Amino acid sequence: MAAMEAEHSGTDAQRHFQTRPWAPDGDSFQTRANEEWLFVAKDEDSWPRPLDRGREIVQLRHLRRRAEATRARLGVEEVIALRLAAGPMCDLYNMALRADPAGPPPPLVGTNRYPATIRALVSALAKLSRAPP
């Protein structure tokens, strides 16, 4: 989970891209990768400012107890990855996945291709596909 947090919170060279705001799908609000990490992975009382922007706040422990997560035996990283991918971070993950490895890095993603998060997302989707109904 530390690798996933580092991908979103930024460290040294990556910090520029993680703290850079963007407006997902032309929405009226701007967000940042580190804010989306806080919204999904941290409790509301640890947020520096309100991050819900009209979205439903569901604490991570409640998401982990959902029937689907329990049946698929999802780990905490996988639940976080699913929640992140279901929100504005989907834009950055798609940019990272579609980027030409030989070409210049996409402006919003840079060299951060979110490998730990995408691995957790793929693992979660595989487990959900095999889980009993």
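The values are calculated or read from the model by the stated rules, or taken from the named source; none is laboratory data. Predicted, not measured: the structure shown is a model, and the values here were computed from it. Glycine also receives a Cβ, built like all others from the backbone with ideal geometry; neighbour counts cover every protein chain displayed. Accessible surface is based on the protein model in full, side chains and every heavy atom, while ligands, DNA and RNA are left aside. Shrake-Rupley method; radii C 1.70, N 1.55, O 1.52, S 1.80 Å.
If you check L92, L84, L63 for being under 17 Å from the mean Cα position of the chain (by Cα) and farther than 15 Å from A116 by Cα, only one passes: L63. The criterion of at least 3 residues that are modelled with pLDDT of 95 or more is met, among helices (runs of 4 or more DSSP H) falling completely within the range 26-129, by 67-72, 76-85. Exactly one residue out of L74, L63, L84 is under 20 Å from W22 (Cβ atoms) and among the aliphatic types (A, V, I, L, M), and it is L84. Taking the criterion of being surrounded by 12 or more Cβ atoms within 10 Å (Cβ to Cβ) and not hydrophobic (A, V, I, L, M, F, W, C), the residues of the range 36-58 that qualify are E36, K42, E44, R53.
Of the residues screened, R66 is not one that is touching a residue at least 12 places away in the same chain (Cβ under 8 Å), open to solvent by 50 Å² or more (accessible area, probe 1.4 Å) and under 16 Å from K127 (Cβ atoms). Scan the range 108-129 and give yes if some residue there is loosely packed, with under 10 Cβ neighbours inside 10 Å and over 18 Å from H8 (Cβ atoms), otherwise no. Scanning the range 108-129, I find at least one residue that is loosely packed, with under 10 Cβ neighbours inside 10 Å and over 18 Å from H8 (Cβ atoms), so the answer is yes.
For the range 98-113, the criterion of being more than 15 Å from the chain's Cα centre (by Cα), of a type in the set (V, I, T) and more than 14 Å from E7 (Cα to Cα) is satisfied by no residue at all.
A Cβ distance below 6 Å, combined with a sequence gap of six or more or placement on separate chains, defines the contacts here; from the range 82-110, residues that are on the phi < 0 side of the Ramachandran plot reach residues that are basic (K, R) and surrounded by 18 or more Cβ atoms within 10 Å (Cβ to Cβ) in the pairs A96/R113. The requirement of being touching a residue at least 40 places away in the same chain (Cβ under 8 Å) and within 10 Å of the chain's Cα centre (by Cα) is fulfilled somewhere in the range 121-128, by at least one residue.
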